[in-house]
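Read the structure below first, then the notes.
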Amino acid sequence: MAEPELIKYRSATGRWVLLATVLGTSLAFIDATVVNIALPEIGRGLSAEAAGLQWTVNGYALSLASLILLGGSLGDRFGRKRVFMIGIGWFAVASLLCGLAPNIELLIGARVLQGIGGALLTPGALAILEASFVRDDRARAIGAWSGLGGIGGALGPFLGGWLVEAGSWRYIFLINVPVAAFVLWVAAKHVPESRNPSAARRIDVAGVLTGAVGLGGLTYGFTAWPMRGPGDPVVLISLAVGVVGLVAFVLVERSSPQPMVPLRIFRTVAFAGANLVTLLVYAANGGVFFLVVINLQVVAGFTPLASGIAMLPVTVLMLLLSSRSGALGQRIGPRIPMTAGPLVCAVALVLMSMIGPDASYLTDVLPGVVIFGLGLSLLVAPLTSTALGSLDDAYAGIASGVNNAVARAAGLLSVAILPLAAGLGAGSLTVSDQLHPVYRHALLICAGLMAAGSVIAFFLIPNRLAAHAPADTFCDPCSPPLRPADTVRSAR
């Protein structure tokens, strides 16, 4: 078999591949949050009650989290580019259905379909970067993906608010269609295909079902927790089903001759360590981005727009520094940036925990936000690169799926549990006197999670990742051969 041709980061093809993966994942990331802005208009336009509006958010999160492992596994089996493009097309059709939905029931159904498309495209994007770029350029490519993706996440709420005010809530879904069409065109012309040639073509049905039940049960339980309370039967049953589903998933995967997630990948210390760090760091991030904006409005008296803009320096810093951080991690190894980054974030969160009534943005908010952005910029690209690069390139898809599932589960758990762990009790997040102490304690807990992530990184993340065999490419009739100037032959 011919040796695969890998892409250089600074080549024309490399820029197209990065653009396709950034735009593709931005669609899924933005639609996870932008709908919140349009909920009042959706409620009025479709005469929907609160429960129906909640499910327009929960339906998307549920299907996305439940099937994201399947998306990564399918990419390894049948081709990362192929599954990524199917996910983009699926997402576009579901977005069109959302935009045309005549009632809340059909909108919820279309949102569930959107989540399925997101589960197919999200792990595929990172797997494409890991499998397509030369090894020395992968960390830089993933860093650029992180920074540029952050811009999409930051601009999404502003774009959504503008579309709702300027026209209709339906536009926040319909705008996805031309963007998805452009991504499909770029991917067809420029993204190379890769897969795991030793992966079984048969789908692990038992693994898919138990994994979906496990992740879906936990997702629904954590999502319903804040509204229903921890003692509600629906919450308890959902969490119990999730735990039983994940236990069954592990047992099925251990005994399956062709598992969706080969459990032996967790024997790699760097992979297990990177996902433990991901769990802690993204649990902290979920709490920070949820509580800081609320605290600025309820306690500090900021307007909704001012509180939304307050965290923008984090996005700017990640855009400017993530690629450089990825290159630094590639040069000196991931242990130092993955140890130092969470510690810098922990210091920032201690400062941000002091934001109180009548806080000034320049003196009380901005210093902590800038330090937090510097810490994340130092951490995220090496963390993602380690989670993917610690395994053979043949497992790029499932490695991305696992890491995405861990990050999303951590964020859901954090938003549900953190206010309670910080002492909210029967209090309210919209009452200043009740929120202020909860906010302070919660951010100190987040600082502790960051510090714990730093300790784990120091002991479990190596100075250098072992070299692995590259993923095999195969002929894709949908795209032309890569130009020699854009590629190098990989060494076996």
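List pairs: first residue in segment 161-178 and within 11 Å of Glu41 (Cα to Cα), second residue of a type in the set (D, E, K, R) and part of a helix (DSSP H, G or I) anywhere in the structure, Cβ distance under 8 angstrom, at least six positions apart or on different chains.
Note: pairs meeting the criteria are Val164/Glu41; Ser168/Glu41; Trp169/Glu41.
Kindly evaluate Thr25 against the criterion of being in contact with a Gly (Cβ under 7 Å, 6 or more places away or on another chain), of a type outside the set (A, V, I, L, M) and at pLDDT below 80.
no
Listed residues Leu148, Leu174, Leu184, Leu209; which is of a type in the set (A, V, I, L, M), modelled with pLDDT under 85 and out of contact with any strand residue (DSSP E or B) (no Cβ under 6 Å at 6 or more places or on another chain)?
Answer to the selection: Leu148.
Read through the list (1) under 28 Å from Leu121 (Cα atoms); (2) surrounded by 21 or more Cβ atoms within 10 Å (Cβ to Cβ); (3) of a type in the set (Gly, Ala, Ser), then give the number of the only condition that Ala327 fails.
For Ala327, the exception is condition (2).
Filter segment 387-406 for residues that are among the hydrophobic types (A, V, I, L, M, F, W, C) and over 15 Å from Pro197 (Cβ atoms) and give the result.
Ala387, Leu388, Leu391, Ala399, Val402, Ala405, Val406
Could you say which residue among Gly397, Gly453 is modelled with pLDDT of 95 or more, assigned to a helix (DSSP H, G or I), in contact with a Ser or Thr (Cβ under 9 Å, 6 or more places away or on another chain) and crowded, with 21+ Cβ neighbours inside 10 Å? Spell out the reasoning first.
Details: Gly397 fails: modelled with pLDDT of 95 or more.
Answer to the selection: Gly453.
So, in segment 225-252, of the ones that are within 24 Å of the chain's Cα centre (by Cα) and not hydrophobic (A, V, I, L, M, F, W, C), which residue ends up farthest from Val402 (Cα to Cα)?
That would be Pro226.
Restricting to segment 185-224, count the residues that are hydrophobic (A, V, I, L, M, F, W, C) and either in a loop (DSSP other than H, G, I, E, B) or within 21 Å of the chain's Cα centre (by Cα) (or both).
12
Would you mind stating whether Trp169 is more than 21 Å from Gly401 (Cα to Cα), out of contact with any helix residue (DSSP H, G or I) (no Cβ under 7 Å at 6 or more places or on another chain) and not assigned by TED's automatic domain parsing to the domain that holds Gly375?
When the stated conditions are applied, Trp169 does not pass them.
Return a yes/no flag: does segment 232-250 have any residue that is surrounded by fewer than 16 Cβ atoms within 10 Å (Cβ to Cβ) and on the phi > 0 side of the Ramachandran plot.
No - not one qualifying residue is present in segment 232-250.
For segment 251-306, name all the residues that are in contact (Cβ under 8 Å) with a residue 12 or more places away in the chain, within 24 Å of Phe78 (Cβ to Cβ) and among the hydrophobic types (A, V, I, L, M, F, W, C).
Those that are in contact (Cβ under 8 Å) with a residue 12 or more places away in the chain, within 24 Å of Phe78 (Cβ to Cβ) and among the hydrophobic types (A, V, I, L, M, F, W, C): Val252, Met260, Val261, Leu263, Ile265, Phe271.
Out of the residues in segment 253-268 that are more than 13 Å from Leu69 (Cβ to Cβ) and not in a helix (DSSP H, G or I), state the one that is farthest from the chain's Cα centre (by Cα).
Here the residue is Pro257.
Can you name the condition, by its number, that Thr25 falls short on among (1) surrounded by fewer than 17 Cβ atoms within 10 Å (Cβ to Cβ); (2) in contact (Cβ under 8 Å) with a residue 24 or more places away in the chain?
All conditions are met except number (1).
Being without any contact (Cβ under 8 Å) to a residue 12 or more places away in the chain and either farther than 22 Å from Gly160 by Cα or part of a helix (DSSP H, G or I) (or both): is that true of Arg77 here?
When the stated conditions are applied, Arg77 does not pass them.
Within segment 269-320, can you find the residues that are in a helix (DSSP H, G or I) and among the polar types (S, T, N, Q)? Even if it seems obvious, please write down each step before you answer.
As a first pass, look at segment 269-320 and keep what is in a helix (DSSP H, G or I): 269-298, 304-310, 312-320.
Within segment 269-320, Asn275, Thr278, Asn285, Asn295, Gln297, Ser307, Thr315 meet the criteria.
Restricting attention to segment 330-366, and to residues there that are assigned to a helix (DSSP H, G or I), touching a helix residue (DSSP H, G or I) at 6+ places or on another chain (Cβ under 6 Å) and not hydrophobic (A, V, I, L, M, F, W, C), which single residue is modelled with the lowest pLDDT?
Looking at the filtered set, the residue picked out is Gln330.
Counting only residues that are of a type in the set (A, V, I, L, M) and crowded, with 23+ Cβ neighbours inside 10 Å, which one in segment 62-78 is nearest to Arg111 (Cα to Cα)?
Applying the filter and picking the extreme gives Leu64.
Does Thr268 satisfy being of a type outside the set (A, V, I, L, M), modelled with pLDDT under 85 and either buried (at least 19 other Cβ atoms within 10 Å of the Cβ) or farther than 17 Å from Met352 by Cα (or both)?
no
The values are calculated or read from the model by the stated rules, or taken from the named source; none is laboratory data. Note that the coordinates shown come from a computational prediction; the quantities given were computed from them, not determined experimentally. Note that we place each Cβ from the backbone using ideal geometry, even for glycine, and neighbour counts take in every protein chain shown.
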